[in-house]
Amino acid sequence: MRRLGHLEAEIMDRLWTWDRPSTVRQIVDDINETRPVAYTTVMTVTNILFTKGWLLRERQGRAWLYTPARSREAYAAALMEDGLGTSRDRPAALMHFVENMTPEEIDALHKALRSVGRRAEP
Amino acid sequence: MNAVPALTGYAAVVGVVVPPLLVRSAWPHRIPVLGAVVWHALALSFSVAVALAAVGLAVPTEHLHAGLVGVLHYCGLHLGTGRPDPGTADRLAIALPSAVFAVLAASFTCHLVRARRLRDRHREAVDLVGRHSARLRATVLPYDRPAAYCLPGRRPRIVISDAALRELSPEQLDAVLEHERAHVAGRHHLVLAAMEAFHSVFRRLPLARLGREQTALLMEMAADDRALRGHPHEVLATAMYEMAAARAPRGALAVGGGTVAVRMKRILVPRGAPHPAVSGAIAAVATVVPVLPLLVACSPGLG
């Protein structure tokens, strides 16, 4: 299970880095440069990623060409915003360091920092 | 002739009168874990009072003590006061209070399961998108603002933005990570889930509303304290400011406001834990409060 998750990450990593539609063969060959992995395993996991919505695909001859559905940055931003709790009804699910604040509140924080003679680094 | 009015009165005091007083008192912020314990003790005490009042309503003619003996008897405890008659009233006397706790337990389980499902899905995505840093013991996500959060639970993750790595000093970064690790190690999500469960059942009750709010804040303070063990106060305070300020442009969504300010003030002007005797007394009260309704129900004057 853990290994499968690791392979998922390896596949996504390559597709994000290459930034062009790629076949399972290309992915397998690249992974095989560092360690042996079976074509069928990569094909299965790639298919799982497609089913989960992480990858898009189109046919080219007899093979599928895979591309990430969204850039790594777009996924990361969505995850971060989710994790930082812009949605209010999941306080117990994720815990974040600071909540959203208004500019006035930030100002008050700054004053609090200064009032004790500490310097807030810019 | 039973204890229902007394129990209702007690529940009203615990559920409505005490919470605002506790919010205004200063000591919970000085010793946040104990503060959270007291909130939970109050919630438990309120639930026990409601359950006992339900017994009183079900068995209006009997002194509650008999009903209680029945409950204890049912639980396998024999007090040597004779077997209660297994009548309908007795069965109700067991069913009603059990129902109160069954609903609370179901709500707690529901919150845990739901939260775990959310976290599992989130963690899976974080593992795909982020890069795990063995040095930081955290997963780094590309994001243009300094930010950090944690996914508690059995397979925890601490998530931090790459902007935080760039913009915070190594010391600040370490303090922030220590804060998140404290959430994970302290299993704070379970503490919050318990209060969430209570809140789902007694939604409008001040004790539920304030208790949930305060427990969340107290858990943050507990995590702050843990970070402060190994880092100077101003390091955590400035890190907090950096991260709060970075998120300000989205201020329109501000929720719960002001709690960062409260934490910041507490970090910068520490008042320290109260005298051990005071803490001990508070702990003793927290232990006694959940069983107080039993005393109210069984006090001789109310027979």
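The values are calculated or read from the model by the stated rules, or taken from the named source; none is laboratory data. Note that the structure is predicted; figures quoted are calculated from it, not measured. Here Cβ is always computed from backbone atoms with ideal geometry, including for glycine, and neighbour counts include all displayed protein chains.
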- For region B:271-295, name all the residues that are free of Cβ contacts under 8 Å to residues at least 40 places away in the same chain and over 21 Å from the mean Cα position of the chain (by Cα). B:His275, B:Pro276, B:Ala277, B:Leu295
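Inside region B:159-172, can you point out the residues that are more than 8 Å from every other protein chain (Cβ to nearest Cβ) and hydrophobic (A, V, I, L, M, F, W, C)?
Kept after step one, since they are more than 8 Å from every other protein chain (Cβ to nearest Cβ), are these residues of region B:159-172: B:160, B:162-168, B:170-172.
The answer is B:Ile160, B:Ala163, B:Ala164, B:Leu165, B:Leu168.
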- Need at least 3 residues that are more than 18 Å from the chain's Cα centre (by Cα) and among the acidic types (Asp, Glu) per element, so show me which helices (runs of 4 or more DSSP H) inside region A:16-115 make the cut, counting only ones lying wholly within it. A:103-115
- Message: Within region B:163-188, take every residue that is buried (at least 18 other Cβ atoms within 10 Å of the Cβ) and touching a strand residue (DSSP E or B) at 6+ places or on another chain (Cβ under 7 Å) and give me the one that is farthest from B:Leu136 (Cα to Cα).
- Response: B:His188
- Residues within region B:140-167 that are in contact (Cβ under 8 Å) with a residue 40 or more places away in the chain and either farther than 21 Å from B:Thr238 by Cα or assigned to a loop (DSSP other than H, G, I, E, B) (or both), tallied: 3
- Task: For region B:9-22, state whether one or more residues are hydroxyl-bearing (Ser, Thr, Tyr) and modelled with pLDDT under 80.
- Result: no
- Of all residues in region B:147-162, which are touching a strand residue (DSSP E or B) at 6+ places or on another chain (Cβ under 8 Å) and charged (D, E, K, R)? B:Arg157, B:Asp162
- Would you check which residues across region B:117-129 are more than 8 Å from every other protein chain (Cβ to nearest Cβ) and either over 14 Å from B:Leu151 (Cα atoms) or buried (at least 18 other Cβ atoms within 10 Å of the Cβ) (or both) and list them? B:Arg123
- Identify the residue in region B:143-158 that is over 19 Å from B:Arg114 (Cα atoms) and facing another protein chain (nearest Cβ under 7 Å) and, among all such residues, is surrounded by the most Cβ atoms within 10 Å (Cβ to Cβ). B:Ala148
- Query: Here are some conditions: (1) in a helix (DSSP H, G or I); (2) at pLDDT 85 or above. B:Arg203 meets all but one. Which one does it not meet?
  - Reply: (1)
